[in-house]
Amino acid sequence: MKIYHHIDEFSPVKNAVVTIGTFDGVHLGHRKIISRIKELAKASGGETVMLTFFPHPRMILHPEDESIKLINTINEKAELLEQLGIDHLIITPFSRDFSNQTAEDYIRDVLVNKIGTKKIVIGYDHRFGKDRLGGLADLQRLGPVYGFDVIEIPEQDIHDVAVSSTRIRQALLKGEIDLANEFLGYPFFITGKVTRGDQIGRQIGYPTANILIEEKYKLIPADGIFSAKIYIDGSVYKGMAYIGSRPTINGMFRNIEVNIFDFDAEIYGHQIKMEFYHFVRGDIKFSSLDELKIQLANDKVDVLRLLVNQ
């Protein structure tokens, strides 16, 4: 997959089959659209092109709203799209000027002149252009004028999978990892850098890797203990992840940590990927570190049982 970080870096390709959107989560609903553009590209001898935006439009149009959290970072999204076989990914910077284009200007200047669209596949409710006034009807009206076909993914097809990015975010924030993973079609994951902590876990026999996520917009699931798989330097391990403020030691900040089973290498500064599989329990304040240690032993038994087939 070729990645372009601005629309101006892209040169039109033969028989471009295009789709547009934020595609946060790259979930089962999105995958219906992706499967369709791949089928159409194969049939026409063309190439698939996905146009997405970063920063997310809401970050630009509503900068005061710090509550905006996304399922994927832009790099995680690119990783998922590459796995699905997209040929070209255009990550164009979203700006107020971009958002102020009329629907026809957007279709003519971006979809036709910049990308060379021959077929465009969109969901029934996709909106674009100034004040989000553009939509399917504009594409269908202008398609014959500019020489492209419009393929709609109907409401029924998308609702058949009963999934949306909003529902997935809600599930993650409630700790409903099983439900979120079912909607995503893959295990929710985070990526970040291992940083040095205060070694409390090591003192009680459960050393943890502290994970720093630099992208502040990345959604973090509910506080608690989770079963997880951890990817480090090409190897895969099982472990139990913790999200929370460590109330037993009166912690002040929310942490993301993971106790990696059967692992004792030095990995400070390494990039780590962690997949979440099951919510084991919520965050609890224990009366002592000894009591916490006993609970962690029980948690580990639960995690190993839950991951037996993973």
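Among the residues of the range 170-179, what is the count of those that are part of a helix (DSSP H, G or I), surrounded by fewer than 18 Cβ atoms within 10 Å (Cβ to Cβ) and either in contact (Cβ under 8 Å) with a residue 24 or more places away in the chain or of a type in the set (D, E, K, R) (or both)? Lay out the reasoning, then the answer.
Taking the range 170-179 and keeping what is part of a helix (DSSP H, G or I), we get 170-173, 177-179.
Applying the additional criterion that residues be surrounded by fewer than 18 Cβ atoms within 10 Å (Cβ to Cβ) yields 170, 173, 178-179.
When the remaining residues are screened for being either in contact (Cβ under 8 Å) with a residue 24 or more places away in the chain or of a type in the set (D, E, K, R) (or both), the result is 173, 178.
Number of matching residues: 2.
Residues that are polar (S, T, N, Q) and assigned to a loop (DSSP other than H, G, I, E, B): does the range 110-128 have at least one?
We begin by selecting, within the range 110-128, every residue polar (S, T, N, Q); these are 113, 117.
Subset that is assigned to a loop (DSSP other than H, G, I, E, B): none.
Checked against the condition, which is being polar (S, T, N, Q) and assigned to a loop (DSSP other than H, G, I, E, B), the range 110-128 yields no hits at all.
Residues checked against (1) assigned to a strand (DSSP E or B); (2) surrounded by fewer than 13 Cβ atoms within 10 Å (Cβ to Cβ); (3) of a type in the set (Ser, Thr, Tyr); (4) in contact with a helix residue (DSSP H, G or I) (Cβ under 6 Å, 6 or more places away or on another chain):
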| residue | (1), (2), (3), (4) |
| --- | --- |
| ILE272 | yes, no, no, no |
| GLU275 | yes, no, no, no |
| VAL280 | yes, no, no, yes |
| LEU292 | no, no, no, yes |
| ASP299 | no, no, no, no |
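Starting from residues that are aromatic (Phe, Trp, Tyr) and within 22 Å of LEU184 (Cα to Cα), keep the ones in the range 45-98 and report whichever is least open to solvent (accessible area, probe 1.4 Å).
So in the range 45-98, the residues aromatic (Phe, Trp, Tyr) come out as 53-54, 94, 98.
Right, trim to within 22 Å of LEU184 (Cα to Cα) and you get 53-54.
On the way: PHE53: 24, PHE54: 63 Å².
Among those that are aromatic (Phe, Trp, Tyr) and within 22 Å of LEU184 (Cα to Cα), it is PHE53.
Can you name the residue in the range 29-43 that is at pLDDT 95 or above and open to solvent by 10 Å² or more (accessible area, probe 1.4 Å) and, of all such residues, is nearest to the chain's Cα centre (by Cα)?
Top of the filtered list is LYS38.
Between a first residue in the range 236-252 that is of a type in the set (Phe, Trp, Tyr) and a second residue that is at pLDDT 95 or above and crowded, with 20+ Cβ neighbours inside 10 Å, which pairs have beta carbons less than 6 Å apart while being 6 or more apart in sequence or on different chains?
TYR237/ILE230; TYR237/ILE260; TYR242/ILE225; TYR242/GLU257
Give the number of residues within the range 180-215 that are touching a residue at least 24 places away in the same chain (Cβ under 8 Å) and of a type in the set (D, E, K, R).
Residues meeting the conditions: 3.
In this structure, is ALA43 without any contact (Cβ under 8 Å) to a residue 40 or more places away in the chain, more than 25 Å from GLY134 (Cα to Cα) and of a type in the set (A, V, I, L, M, F, W, C)?
Numbers: without any contact (Cβ under 8 Å) to a residue 40 or more places away in the chain: yes; more than 25 Å from GLY134 (Cα to Cα): yes; of a type in the set (A, V, I, L, M, F, W, C): yes.
It is true that ALA43 is without any contact (Cβ under 8 Å) to a residue 40 or more places away in the chain, more than 25 Å from GLY134 (Cα to Cα) and of a type in the set (A, V, I, L, M, F, W, C).
Given (1) surrounded by 15 or more Cβ atoms within 10 Å (Cβ to Cβ); (2) in contact (Cβ under 8 Å) with a residue 40 or more places away in the chain, where does ARG108 come up short, assuming only one miss?
Of (1) surrounded by 15 or more Cβ atoms within 10 Å (Cβ to Cβ); (2) in contact (Cβ under 8 Å) with a residue 40 or more places away in the chain, only one is false for ARG108: (2).
Can you find, within the range 211-239, the residue that is surrounded by the fewest Cβ atoms within 10 Å (Cβ to Cβ) among those that are in contact with a helix residue (DSSP H, G or I) (Cβ under 9 Å, 6 or more places away or on another chain) and part of a strand (DSSP E or B)?
Residues of the range 211-239 in contact with a helix residue (DSSP H, G or I) (Cβ under 9 Å, 6 or more places away or on another chain): 215, 217-222, 225-228, 238-239.
The next check asks that each one be part of a strand (DSSP E or B); those that pass are 218, 225-228, 238-239.
Values: LYS218: 16, ILE225: 25, PHE226: 26, SER227: 24, ALA228: 28, LYS238: 20, GLY239: 24.
Of everything passing the filter in the range 211-239, LYS218 is surrounded by the fewest Cβ atoms within 10 Å (Cβ to Cβ).
The values are calculated or read from the model by the stated rules, or taken from the named source; none is laboratory data. Quick caveat, the model's predicted, so the values are computed rather than measured. A quick note on method: Cβ atoms are made from the backbone with ideal geometry, for glycine too, and the neighbour counts reach across all protein chains shown. Side chains are part of the model used for accessible areas, which takes the heavy atoms of the whole protein and leaves out ligands, DNA and RNA. Shrake-Rupley method; radii C 1.70, N 1.55, O 1.52, S 1.80 Å.
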